[in-house]
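One structure is given here, and the rest of the page talks about it.
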Amino acid sequence: MCALIKRIATIMLVCSLAFSLSACTGEEKSTSAEQSEPITPGKPIEPGTPITPGKPIEPGTPITPGKPIEPGTPISISINNPDVKVTPEKDGITLRLPNKLLFDYNSDTLRPEAEKLLAQIAGELKKIGKANVEIHGHTDSKGSEQYNLTLSEKRAKAVEHYLATLTGLEGITLSTKGFGKTKPTAPNDTEEHREQNRRVEIIIRSSAS
């Protein structure tokens, strides 16, 4: 009887173990089956709200150009002498003085009458206030090139020196140059034409500095 009970107990234990093993194997198979099924993709990842660009950078107020620089009042000179030719230029004015008003023939010494004329020109320069004044000497074609060049330079210097002694011309810048016979205004074929070439030219340009 005892042996039978033991045998029954052994059979029950074996069955219990077999059932447990079968249950474990079945669960394992079920898990394996689930893993073998294709994975269903989830909801696609949606991109976030697009970045809204900020307010565009607006350029500043454009620079409005100022009022254009207007050239100064054109130079105006009045000389009370019919032999003095006054010629307006693009940036100034030119006075052409025949040598007979300034010097004796072959001389670089100013005549007394010349001083009166130059004083009148100085009075006009004072009205301008500030100016660059170039004094150019010219001769006819008689004589050597070097002689005429030197004579024209001395005559221009004589005019400059006299103007520099006058008061009220502190704003006037003076410079000189001699051209000799290199810049005639007429052919040197007659005395009348040669007289036209013997001259002093005063070029006046206004200056703001």
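The values are calculated or read from the model by the stated rules, or taken from the named source; none is laboratory data. The shown structure was predicted, so the numbers you read here are calculated from the model rather than taken from an experiment. No Cβ is skipped: glycine too gets one built from the backbone with ideal geometry, and neighbour counts run over all protein chains shown. Just the protein is used for accessible areas: all its heavy atoms, side chains included, with ligands, DNA and RNA removed. Shrake-Rupley method; radii C 1.70, N 1.55, O 1.52, S 1.80 Å.
Just a few scattered comments:
- Scope segment 170-192; condition open to solvent by 20 Å² or more (accessible area, probe 1.4 Å), touching a residue at least 12 places away in the same chain (Cβ under 8 Å) and of a type outside the set (V, I, T); matching residues: G171, L174, S175, K177, F179, K181, K183, P184, N188
- Residue match in segment 79-87 (condition: on the phi > 0 side of the Ramachandran plot and either at pLDDT below 95 or not in a helix (DSSP H, G or I) (or both)): no
- The condition (being modelled with pLDDT of 95 or more, among the aliphatic types (A, V, I, L, M) and open to solvent by 20 Å² or more (accessible area, probe 1.4 Å)) is satisfied by just one residue among L95, L102, L110: L110.
- Summed over segment 166-198, residues that are within 40 Å of the chain's Cα centre (by Cα) and more than 16 Å from G143 (Cα to Cα) total 13.
- Filter result (surrounded by 16 or more Cβ atoms within 10 Å (Cβ to Cβ), assigned to a helix (DSSP H, G or I) and among the small types (G, A, S)) within segment 117-164: A122, S152, A156, A158
- Matching residues, segment 171-193, being under 19 Å from G92 (Cβ atoms), charged (D, E, K, R) and part of a loop (DSSP other than H, G, I, E, B): K183
- Pairs, first under 14 Å from R199 (Cα atoms) and small (G, A, S) in segment 99-119, second in a loop (DSSP other than H, G, I, E, B) and at pLDDT 95 or above, C-beta under 7 Å, six or more apart: A114/L102
- Of the listed requirements (1) over 25 Å from G180 (Cα atoms); (2) in a helix (DSSP H, G or I); (3) not β-branched (V, I, T), G168 misses just one: (2).
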